[in-house]
1. Does residue 382 meet the test of being touching a helix residue (DSSP H, G or I) at 6+ places or on another chain (Cβ under 6 Å), modelled with pLDDT under 95 and surrounded by 22 or more Cβ atoms within 10 Å (Cβ to Cβ)?
2. Restricting attention to segment 256-290, report how many residues are within 11 Å of ligand 1 (Cβ to nearest atom) and within 11 Å of residue 230 (Cα to Cα).
3. Within segment 252-277, track down each residue that is without any contact (Cβ under 8 Å) to a residue 40 or more places away in the chain, within 15 Å of ligand 2 (Cβ to nearest atom) and surrounded by fewer than 23 Cβ atoms within 10 Å (Cβ to Cβ).
4. Of the numbered conditions (1) at pLDDT below 95; (2) over 19 Å from residue 411 (Cβ atoms), residue 14 fails exactly one; give the number of that condition.
5. From (1) buried (at least 22 other Cβ atoms within 10 Å of the Cβ); (2) not in a loop (DSSP other than H, G, I, E, B), pick out the condition that doesn't hold for residue 47.
6. If a residue must be in contact with a helix residue (DSSP H, G or I) (Cβ under 7 Å, 6 or more places away or on another chain) and either over 22 Å from residue 377 (Cβ atoms) or assigned to a helix (DSSP H, G or I) (or both), how many such residues does segment 267-290 contain?
7. Filter segment 68-97 for residues that are part of a loop (DSSP other than H, G, I, E, B) and either within 14 Å of ligand 2 (Cβ to nearest atom) or buried (at least 22 other Cβ atoms within 10 Å of the Cβ) (or both) and give the result.
8. Kindly provide the set of residues from segment 41-53 that are away from ligand 2 (no atom under 15 Å from the Cβ) and touching a strand residue (DSSP E or B) at 6+ places or on another chain (Cβ under 8 Å), ordered by number.
Ligand code: 5CA
Ligand code: ZN
């Protein structure tokens, strides 16, 4: 699929740094992306409704990671999927009488506009599951042949117990959850633990055979459509290869989605899916997780249409650490717009004569921003470094700070 236009990212003088990122599996900070080429996969949208601030916060978090990597001279290979066939999308299409393909196309287009508005770097490979159905079918066939999948009627399930015997993957290693917690989350997040005929209630669906009234495609394992987790395993392996640098997404994807897509990929490739599993916190609104299914949404498109400046919106998001859960309040934009105005005032009137001390201080501010971002993308501290500078240096000696703010934070002063 076509992605969207990239924002301009200026080069920042000085040396960028390889970030330390919190890894969900090891529950530790680990150096992420020391190689020249880094490979990132971030789970994409299920396009049945417009982009809300929760999605935006997750994509801005991984955008920050890429900006830090680029600043450190890395070249980034970034892949993202689109879940353009799945139960919630089909249900919404049915409920509203819209063709599921039209619904998906319209929401994908809206997402592109929202990401471009937010100056989020586009993926190099932007891949819808409907574009890789034959590849998913063949992957499921291989899992059946390898003895790590089985049929229940005409559907195909992943055999968790068998996969653990033959691949470098263990259930629970990524999420750290116990079985009861897994069973509860599986039921809540698209699984079917109560289906009879499964070897283990946690075994996830790999292939759903054709049902009347649902879209389906011919494949190596019969007519049907992919299950959810296998879609991301196949797209990631196709475009990034095994053992890539970071798999990312919101923390609602840790289990079952990321744990099991890592399981499928390990069974297919004989290697772990990724080195680091990174998760962004959940954004709430009016007391509950912002979600399409609850309907408590603040849409990026609404803010955009009301003339909200994207830089202010980015600052409102970046004021929170990406890993924390936080709540959006309608006045958050006021504080962010005020901060943006303070920063702009500090850079609006460059000093008339070159002031060596001020220039030195500007270099120090950029190093403080880099150090904060290196430390698990600590954007609140990076913002405070610019705040302090803006408060004490009313005239900019160089354009170093605005350049770094644009490159590292995606905010134009
Ligand atoms: N298509 C799947 C992933 S393969 C999916 O989860 N789609 S989604 O549209 O529901 O979510 C897209 C991304 O936004 C995911 O990374 C998800 O973790 C993240 N996300 C969803 N709701 C929130 C929220 N309230 N706060 C933060 N991130 C969220
Ligand atoms: Zn995914």
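1. Details: touching a helix residue (DSSP H, G or I) at 6+ places or on another chain (Cβ under 6 Å): yes; modelled with pLDDT under 95: no; surrounded by 22 or more Cβ atoms within 10 Å (Cβ to Cβ): yes.
So residue 382 does not fit the description; no.
2. Going through segment 256-290 one residue at a time, the tally reaches 3.
3. Within segment 252-277, no residue meets the criteria.
4. Unmet for residue 14, out of (1) at pLDDT below 95; (2) over 19 Å from residue 411 (Cβ atoms): (2).
5. That leaves (2) as the condition not met.
6. Here the count works out to 4.
7. We begin by selecting, within segment 68-97, every residue part of a loop (DSSP other than H, G, I, E, B); these are 72-74, 83-86, 97.
Matches in segment 68-97: 83, 84, 85, 86.
8. The answer is 50, 51, 52, 53.
The values are calculated or read from the model by the stated rules, or taken from the named source; none is laboratory data. Computed from a predicted model, the values in this text were never measured in an experiment. Note: ideal-geometry Cβ built from the backbone for every residue, glycine included; neighbour counts use all protein chains shown.
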